[in-house]
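We did not get these values from a lab; they are worked out from the coordinates using the rules stated. The structure displayed is predicted, hence computed values, not measured ones. Cβ: placed from backbone, ideal geometry, glycine included. Neighbour counts: every protein chain shown.
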Amino acid sequence: MTRFTAAELEAARDRLVPDVVADGLRVLFCGINPGLMTAATGHHFARPGNRFWPVLQLSGFTPRLMKPSEQSQLPAYGLGITNVVARATARADELTAEEYAEGGRLLTTKVERLRPRWLAVVGVTAYRSAFHDRKAAVGAQERRIGDTRVWVLPNPSGLNAHWTAATMAEEFGRLREAALA
């Protein structure tokens, strides 16, 4: 793994991380926003303690454990990645309510254009903030964006102690089954 100095990570705040997308995906995963390690590498969910990539494999979305640097292979599996907010931060609590609201509007436009079967927002708090839905819980949502269904997943950050990799994989697996139906 590449090591970055604190100064290199701080400089990464200004970098945009490109989406991994294609038209008509089965699932478009949507993170909260890029962390500094993601911004520094240009690879989504790049922080070593993040459980996104292991959970993708455990849930059956990918046949093997992929590295963040292999993210360009996701569309071949019908998967993609974007974020609610494009700005990189050390912590999600650095984001403002306005950024979440604007992110929700931009995400809606992106989903209308790309038309994935499912939008999967990883982080219930991010979903609630971006879509002004304070009562949302993990799982399938009533909301649709055009023909795209919406699912809220637990945040795979290593800081989310309420969910283990195994329990996250169960929830991701429920989405996988719905996406295949």
Integer Hz, Karplus 6.51/-1.76/1.60 couplings in order for the range 50-55, x for Gly and Pro: 6, 9, 4, 5, x, 5
Can you tell me the length gained on complete extension of the stretch S72 to K135, counting 0.36 nm per residue apart and subtracting the Cα distance? 19.3 nm
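If you take every residue apart from A140 with its C-beta less than 15 Å away from the C-beta of A140, what net charge results, scoring Lys and Arg +1 and Asp and Glu -1?
So the surrounding residues net to +2.
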Under 19 Å from a point placed 7 Å out from the Cα of R115 along the Cα-to-Cβ direction: which residues of the range 18-62 have their backbone N that close? 21-29
Per the helix-only calculation at 222 nm, which mean residue ellipticity applies to the chain, given -39500 (n - 2.57) for every DSSP H run of n ≥ 4 and division by its residues, nearest 500 deg cm²/dmol? -10000 deg cm²/dmol
What value does the range 126-181 have for Rg/Rh, both radii from Cα atoms and Rh as Kirkwood defines it? 0.98
For W163, the net charge from surrounding residues (Cβ-Cβ under 15 Å; K, R +1; D, E -1) works out to 0
Nonlocal amide H pairs with R47, under 5 Å, H built at 1.01 Å: T38
Using DSSP to define loop residues, name the trypsin sites (Lys or Arg not before Pro) in the range 107-148 whose beta-carbon has at most 15 other beta-carbon atoms within 10 Å. R134, K135
